[in-house]
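Computed from the coordinates by the stated procedures, all read-outs in this text should not be read as laboratory data. If you're wondering where the values come from, they're calculated on a predicted model, not measured in any experiment. Note that we place each Cβ from the backbone using ideal geometry, even for glycine, and neighbour counts take in every protein chain shown.
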Amino acid sequence: MEHARLLVIATPEEFETRRIIELAREKNAAIDIVVRTHSESELAHLEQLQVGIAVMGERELAFGLLGYALRSLGISKDETRHIVQQARSQDGAGASRRGPEAPAGASPELRPRREPDVGPVG
């Protein structure tokens with residue numbers, strides 16, 4: 001763990017995920033972490049823990065189904081991509097809000113790692 005660059009956590013258990021992150025950071029504070037999550041509340045907590053990326057699997061599955069359905073109805077690949085991205089960026093109906101540091105076109109469920117605030121206090 002001391003020399004690892006990346007840790008992927010796919011367990012559905014929130015407590016286990018948090019404990020794994022805690023133990024990994026004890027050994028390697030700089031490790032990049034990608035996590036599977038199921039809820040907005042856990043997503044917010046993982047952001048506080050400064051994981052690299054948190055993926056909400058059920059939401060990504062729904063977007064994949066939407067894309068397939070649109071393509072099967074004759075919608076062009078580009079238009080389908082646009083519609084799915086619009087669905088991702090919508091606020092409400094369970095959609096996630098894009099963080100201010102998310103790159104253009106990035107899924108709101110895939111949030112870039114936040115750098116810790118380091119600087120003078122006061």
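Miscellaneous remarks
- For the stretch 6-89, averaging the sequence separation of C-alpha pairs within contact (under 8 Å, six or more residues apart) and dividing by the residue count gives a relative contact order of 23 percent.
- Under-5 Å amide H pairs with M56, H placed in peptide plane, nonlocal only: T37
- As a rough footprinting exposure proxy, the listed residues D78, D32 were ranked by other beta carbons within 10 Å of their own, and the order from fewest upward is D78, D32.
- Look at the dipole of the stretch 6-89 built from charges on Cβ: of V55, L65, I31, the Cα furthest out on the positive end belongs to L65.
- Prolate is the label for the stretch 6-89, because the ratio a/c of its alpha-carbon gyration tensor axes (a ≥ b ≥ c) is 1.5 or higher and a/b is greater than b/c.
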